[in-house]
Amino acid sequence: PNLIGRYALSLMVTDDEQRTSCAPATYMIDVVTDADIRVELLWRTPGDNDEMDTGMVANFSAGSDLDLHFKRGLGPAWFDPLYDAFWENPFPSWASAADHDNPQLLRDDTDGGGPENLNLNSPEDGVTYAVGVHYWDDWGYGSAFAPVRVHIDGELRWSREVELAKGDLWEACTIVWPD
């Protein structure tokens, strides 16, 4: 699974005469993270009748495209080629020789629903990090509802959802480390 949470996997066996087993077998899985900071972006686009389909052809996508952004500091602009981690810069090198605060955009979804995930291990003390969401293209599906979740040391510490239209850039939150 691409999102932190508890998942139930169930299996029910049916034979060729459509007889089912006595009871489904269920196994619970807890998905956790060891990242100091974990950011997750999901979205739903009411104008997209099948948010599970995938693919892209010339000038059309199977779903809307929102992008997670994570920047180091409040001074650099969004889309900064050094200090903003996003689809075009998924693994920026922020760390000095003594530090290890390089973020990793682990998943970029281009055709609807997400998730997009970013991890940062060993954030630098005294640094402010900013989380943003950019609605890259709606491909004609209209507005989207984008929840963002921020986990600190494996615990959900902040969550919010907003409605976005194509081209919007939502400056979702800031994280002052270690506060």
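The values are calculated or read from the model by the stated rules, or taken from the named source; none is laboratory data. Predicted model, so just to flag it, every value in this text is computed and none were measured. Every residue, glycine among them, receives a Cβ derived from its backbone with ideal geometry; neighbour counts consider all protein chains shown. SASA here: full protein model, heavy atoms, side chains in, ligands and nucleic acids out. Shrake-Rupley method; radii C 1.70, N 1.55, O 1.52, S 1.80 Å.
Worth a mention:
- Across the chain, C-alpha contacts under 8 Å between residues 6 or more apart give a mean separation that, scaled by the residue count, equals a relative contact order of 25 percent.
- Surface share of carbon and sulfur [accessible, 1.4 angstrom probe, percent] for segment 1-66: 55
- Where labels lie 7 Å past Cα in the beta-carbon direction, separation of residue 82 and residue 155 in nm: 3.5
- Close amide H partners of residue 85, meaning residues 5 or more places away or on another chain with modelled amide H under 5 Å apart, are 70, 71, 72.
- Distance (nanometres) between label positions extended 7 Å along Cα→Cβ at residue 11 and residue 27: 0.7
- Label sites at residue 108 and residue 2, each approximated as a point 7 angstrom past Cα along Cα to Cβ, lie 1.3 nm apart.
- For the chain, the longest piece that avoids every one of the GluC sites (Glu not before Pro) found in DSSP loops with at most 11 other C-beta atoms within 10 Å covers 89-179.
- Computing Rg and Dmax of the Cα atoms in Å for the structure here picks out one of (1) 15.1, 46; (2) 30.0, 98; (3) 19.0, 66, namely (3).
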